[in-house]
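Chemist: Let me begin by handing over the structure; questions about it come next.
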Amino acid sequence: MTKYIAKKPDKNGIIDFTQEENETWKILIERQMRVIKNRACDEFIDGLNKLNFPHDRVPQCTEVSKVLQAATGWSVVPVDAIIPLKEFFRLLANRQFPAASFIRVRAELDYLQEPDIFHEYFGHCPLLMNQAYADFVQWYGETVLQTSKEVQTLLGRLFWFTIEFGLLQTNNGLRIYGGGILSSFEETVYALESKLPERAAFDVKTVLNTSYRYDEIQKGYFVINDLSDLFKLKTNMIIDLAKSIASGTQGEDFVIC
Ligand SMILES: [Fe+2]
């Protein structure tokens, strides 16, 4: 359930955001631009620079899609605050990133459970400009669409610990590529600098066996060495592995995030 109602675009694809909503975007983007410096991976910063989001208003999906289309063939589509899982995977398979077209209220500036337009645009779109990430997300949607609910639970963990909460080892030290982290002011610092969470080398089997909570800050992260490592996950092996683990597993439901 959500208290948010997504806004509908007009016939030209334009959404009318209020002055308060545009100001919320400005607060969010300006503080996030500061905090991701030397914490986000270079590929994210590169995509962010190319997208060149406005600061004084919520960007329109039409303008974001135009840049994404030219780079990797992706687009963003406005959707309701909550959409069925099948629809979520179908959109990803079509290189359409579902973006709930509402922005958080001020009281939830730091944390909200539902993914809003700031999370979707700021957290995910910069890396949808990157070919390895863009291809992985499409493969993921296509693949998960064809699996059972139990297998989806496990593959949900793969999405969670990469696209949402992934860390990347670089020559300049540990960096963030997960959109769930990079759209959160608090977690961007916590993920790299807190002594509390574990930061383990990425291992597919361990990831599939690791459950997560969507309603609290992460207890652990997995670290890949290169974004192209996501390519290596695009194999039937991972689906077979998920199927073999899934039998008899009671896991958390897939959470769209
Ligand atoms: Fe997300």
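Values quoted throughout were computed directly from the atomic coordinates according to the rules given, and no laboratory measurement underlies them. Only a predicted model underlies this, so the values are computations on that prediction, with no experimental measurement involved. Cβ: placed from backbone, ideal geometry, glycine included. Neighbour counts: every protein chain shown.
Chemist: Just list whichever of K8/K243; K26/K232; K219/K243; K149/K232; K66/K243 have alpha carbons separated by over 32 Å in the model shown.
Modeler: The answer is K8/K243; K26/K232; K66/K243.
Chemist: Would you please classify the overall shape of region 1-67 from the alpha carbon gyration tensor, given that a ≥ b ≥ c denote the square roots of the eigenvalues, rounded means a/c under 1.5, and beyond that prolate means a/b larger than b/c while oblate covers the rest?
Modeler: Prolate, because a/c is 1.5 or more and a/b exceeds b/c.
Chemist: Still on this structure, please answer the following. Determine the shape class of region 1-139: with a ≥ b ≥ c the square roots of the Cα gyration tensor eigenvalues, call it rounded for a/c under 1.5, and otherwise prolate if a/b is greater than b/c, oblate otherwise.
Modeler: rounded
Chemist: With each run of n ≥ 4 DSSP H residues scored as -39500 (n - 2.57), what mean residue ellipticity at 222 nm is computed for the chain after dividing by its residue count and rounding to the nearest 500 deg cm²/dmol?
Modeler: -12500 deg cm²/dmol
Chemist: Tell me which aspartates and glutamates have Cα within less than 16 Å of K205's Cα, excluding those fewer than 8 residues away on the same chain?
Modeler: E150, D229, D240
Chemist: Also, quick follow-up: Modelled label-to-label distance, K232 and D215, 7 Å Cα→beta-carbon offset: nm?
Modeler: In this crude label model, K232 to D215 measures out at 3.7 nm.
Chemist: By how many nm would the segment from D110 to V77 lengthen if fully extended, with 0.36 nm per residue of separation less the alpha-carbon distance?
Modeler: Fully extending the segment from D110 to V77 adds 9.4 nm.
Chemist: Quick one: if the Förster radius is 45 Å, what FRET efficiency do K11 and D203 give, using the C-beta to C-beta distance and rounding to 0.05?
Modeler: It comes to 0.40.
Chemist: While we're here: Counting every Cα pair in region 19-246, what percent are over 30 Å apart?
Modeler: 18 percent
Chemist: If you build a Gaussian network model of the chain, linking Cα atoms that sit under 10 Å apart, which residue out of Q138, Q113, Q69 swings the most?
Modeler: Maximum fluctuation in the GNM of the chain, among the listed residues, is at Q113.
Chemist: Would you list which aspartates and glutamates come within 13 Å of K3, measuring only between C-alpha atoms, while excluding same-chain residues fewer than 8 positions from it?
Modeler: D80, E108, E114, D116
Chemist: Among all the aspartates and glutamates, which ones have a C-alpha under 17 Å from K37's C-alpha, if same-chain residues fewer than 8 places away are not counted?
Modeler: D46, E186, E187, E193
Chemist: By its C-alpha gyration tensor, with a ≥ b ≥ c as the square roots of the eigenvalues, how is region 163-257 shaped: rounded for a/c under 1.5, else prolate for a/b larger than b/c, else oblate?
Modeler: Oblate.
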